[in-house]
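Presented below is the structure to which this report refers.
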Amino acid sequence: MSVTSVFAQLERLLPRISKPIQYVGGELGAVVKDWDAVTVRWALSYPDAYEVGLPNQGVQILYEVLNEQPDVLAERTYAVWPDLEQLMRAEGVPQFTVDAHRPVGAFDLFGVSFATELGYTNLLNMLDLAGIPLDARERDERHPIVVAGGHAAFNPEPIADFIDAAVLGDGEEAVLEITAIVRKWKAEGEPGGRDELLLRLARTESVYVPRFYDVDYLPDGRIQRIVPNRADVPFRVHKRTTMDLDAWPYPKRPLVPLAETVHERYAVEIFRGCTRGCRFCQAGMITRPVRERSITTVGQMVKEGLEFSGFHEVGLLSLSSADHSEIGDMCSGLAQQYEGTNVSLSLPSTRVDAFNVTLAQELSRNGRRTGLTFAPEGGSERIRQVINKMVTEEDLIRTVVTAYTNGWRQVKLYFMCGLPTETDEDVLQIAKLAHEVIRAGREATGSRDIRCTVSIGGFVPKPHTPFQWASMTEPEVIDRRLKALKDAINSDRSLGKAIGYRYHDGEPSQVEALLSRGDRRVGAVIRRVWENGGRFDGWSEHFSFQRWTDAAAEVLPEFGVDLAWFTTREREQNEVLPWDHLDSGLDKDWLWQDWQDALTGYEQDDCRWTPCFDCGVCPSQDTEIQIGPTGRKLLPLTPVAGLRVPHA
Ligand code: SF4
C-alpha cells in the first residue's frame, strides 16, 4: 500500500522553528526509493538531533548496506527539537523520515542505534510521535518491529518493554539477515502474525526478543533468574561479529549534511576491537577481537569517500588508532598522497607515547595541525594500575614534552573521576601531573607559551567489563574531589594559568549508571521521566537530575529498590546480572578474575602483542585476532586535488 509523504504538512511548520533545514533531507548521499517497488522497508535512527545523529557512522553504514539491496529501502529519522515537537503534536504530524518524509509508523522495521543510554527518552518520544504504542506488547502487524542496536544494546533490559528486539554487535550482516527473514515472512503471507516473525528472529540466536524471556526476582530485589518462556528460543543470545572489514568498505557514499553537524569529515574505521584491556572501557571489551582493515582498503576508501563527498577532512578512526599494525605506513602514505591538497588528516590521538606525536606530525605535513589529546585516565600510578592503563608519569611527561618541542602549543589530557578504589589523593595527583607537564614543557621549549587542558569525565561502571560489579562513587564525593582538584591546579598561580580545567559534575553519570546497569524495572523510571518532559538527556541544557531522581523515587520503591541500589551498590560474584543471558563472548569468570586483579593492581598485557590470556572472545566467535602486517603499501592513488566544496 502506498504511503504519502508528510512534507506538505511539515513545510507549513518550518518557518516557525529553529534550524528548519535539518528536517528537509536531500543531502548528498541520501537515497529515495519508490515505496511500492520494494518489499522490506527500514526506518533507521540515531536518537538524537540531526546535528549529532547524521554523522553517526553505524547508521550511515547500515543505510548504505540496506539501500544497496534492490528490494529494500532504508530512510533516516532523527529526534526533533521541542519547538517542532510541540507543533507536530498540535497539527497531528507524525514522526517522519528526512529522506522522503514518510511516517515512521508505516515502515516494516524501525532500527535505533544507541551509543549512549541517555538517548532512551528520545526513543520513547519518537515512538509516541510515530503513533507506535510504547509498550511493545500492544503493537500488532500494523506497527514496525522496533530493533535496538549499538553499544547500549548489550544491556537492553531497561528498554525491554519498549523494543521488540535487540541486536548485539556488528550490524552489517545482521541487518541483511533480519531483512531476509522479514522478506520471507511477508512473501509467505505473514503467517502467525507479529509473534511468528519475532520467533523467527529469535531463533537466529543473535537477535534478542525480550518478550520471550521472563525475569524472576529474589525478595531482596536481586534477580533470581532470566529464562526463556518458550521452548524454541535460545537460553543465551550471541553477539554478531563482522570478521572481514575489507569485505565491508562502508561508508562508500558518506552523507554530506545540509545543516551544521558535530563532525563534517570522511571517517574511516581502520580497525575494530581493542585488546588493551582498560577495565572501565565497555567499547574495548565488547568489540573484541581486533580486526584490522588493510592499508590498501583504507587508502581506496579515503580516495573514493573524498571524491564522492567533497569533504576536506579525513578521520582515521578506531578505539586506539596508533595500534594498527601498519599505522606508520598508512599515515606517511596518506600524508604523501594528499600533500599540497586542501585535505587534512587526523587520528584520534589518545595513546600516551611519542610514536603518537610522530604520527600526528606526519599527518600535519599539509600545515593543518589538529589537536593532540592524551588519555592517561587516572591521576596516580596506583589508580592507573587498577584500571589497567599502563602509563607511567615519565611516559606522560616525555610524550607531552615531545609534542611541545615539535611545535604544539596546546595539548589536552583526559582523566576520569570516581574510579573504583579511588581516593582524594589519586585525583589530586592530576594537578601534580599537569604542573609537571607545564614545568617540563617550559624548560624544554624555553617558552612560556604552552598550555594544557585537563578534561575530566565521570566513571560509569558498564556491563560486560571487569568493573560491572563495582560500586559507583556518590555524586557529592565526585563534586568535592573535582573542586579540590581545581584548587590544587590553581595553588601555583604561574603554572595554574597555563592549565585549562574542564569537568562535568557527577549527576548525569548517576543516571547513566542507572540506565547502563539497570534491569526491566528501570523501564518504568524512563517512562515516567519521558511523561514528565524528559528529552535530549545527553544535552546539559535539557538534562534534569531532579526529574530522574523524582521519577526513581516514585517508581522504584514498589519493587523494593531505589536509585542507589542500582548505582552505588557493589555486586557480588554470584549475583545474576541483568545481561547474563546476553553473550558478548567474554567469559564471566575471566571478567571476575580481572576485577579481582584490578583490586590488587595486577596489570594485564595486550594480547595483540603477547600470548592470549583467555578472555573467551576468540573461541566464542570461532576466530582469532586479525592483525597485519600485510607488507603492502598504499596503492599509487591519484591525489584528490582541488576538491570541490560540498554544496558551495
Ligand atoms: S581470546 Fe585471547 S587472543 Fe582473543 S581477545 Fe581474548 S585474550 Fe585476546
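Observations on the structure shown:
- Spacing of the two label points (7 Å from each Cα toward its C-beta) at Gln573 and Tyr414, in nm: 3.4
- FRET efficiency for Glu91 and Arg368, using Cβ-Cβ distance with R0 set to 45 Å, rounded to 0.05: 0.45
- Taking a straight Cα-Cα cut-off under 20 Å and skipping sequence neighbours fewer than 8 places away in the same chain, the aspartates and glutamates within cross-link reach of Lys633 are Asp244, Asp246, Glu269, Glu292, Glu304, Asp323, Glu326, Asp329, Glu339, Glu362.
- Legend: Rg and Dmax of the chain, from Cα coordinates, 24.7, 77 Å.
- For Val52, Val343, order by how many other beta-carbon atoms lie within 10 Å, fewest first: Val52, Val343
- For the range 502-552, a/c is not less than 1.5, where a ≥ b ≥ c are the root eigenvalues of the C-alpha gyration tensor, and a/b does not top b/c. That puts it in the oblate class.
- Sequence of Val401, Val391 once ranked by neighbouring C-beta atoms within 10 Å, starting from the fewest: Val391, Val401
- Extreme residue, positive dipole direction of the range 45-203, given options Ser45, His151, Gly119 (C-beta unit charges): Ser45
- Nearest-20 debye value, the range 50-198 charge dipole, Cβ charges on Lys, Arg, Asp, Glu: 220
- Pair Ala187, Thr392: separation of 7 Å Cα→Cβ label points (nm): 6.4
- Distance between the 7 Å Cα→Cβ label points at Arg632 and Glu531: 5.7 nm.
- Rounded, prolate or oblate (a/c below 1.5 giving rounded, otherwise prolate when a/b exceeds b/c) for the range 49-91 by Cα gyration tensor: oblate
- Listed peptides 194-202, 356-364 appear in the order 356-364, 194-202 once ranked by packing, highest mean of other Cβ atoms within 10 Å at the front.
- In percent, rounded to a whole number, the relative contact order of the range 41-102 is 37, using alpha-carbon pairs under 8 Å and six or more apart.
- Farthest toward positive dipole pole in the chain [+1 Lys/Arg, -1 Asp/Glu at C-beta], among Asn67, Ala484, His238: Ala484
- Counting only residues at least eight positions apart within a chain, or on another chain, the aspartates and glutamates with an alpha carbon under 19 Å from that of Lys497 are Glu436, Glu443, Asp449, Asp487.
- Ordering Thr370, Gln385, Gln410 by Cα displacement along the dipole of the range 361-413 toward the positive end leaves Thr370 in first place; charges were set at the Cβ atoms of Lys, Arg (+1) and Asp, Glu (-1).
- In terms of its C-alpha gyration tensor, the range 515-635 has a prolate overall shape, because the principal axis ratio a/c (a ≥ b ≥ c, square roots of the eigenvalues) is not below 1.5 and a/b outweighs b/c.
- Here the range 501-586 is treated with +1 on each Lys and Arg Cβ and -1 on each Asp and Glu Cβ, and its dipole about the Cα centre works out to around 180 debye.
- Rounded to 5, the percent of DSSP beta bridges in the chain classed as antiparallel: 20
- Residues Met330, Met472 in ascending order of nearby Cβ atoms (within 10 Å, fewest first): Met472, Met330.
- Straight-distance candidates among the aspartates and glutamates for linking to Lys186, with alpha-carbon spacing under 19 Å and chain neighbours fewer than 8 residues away dropped: Asp34, Asp36, Asp71, Asp108, Asp140, Glu141, Asp164, Glu177, Asp195, Glu196.
Throughout, read-outs are computed from the coordinates displayed, never taken from laboratory work. All values reported here derive from a predicted model rather than from experimental measurement. Here the Cβ is made from the backbone with ideal geometry for all residues, glycine too, and neighbour counts use every protein chain on show.
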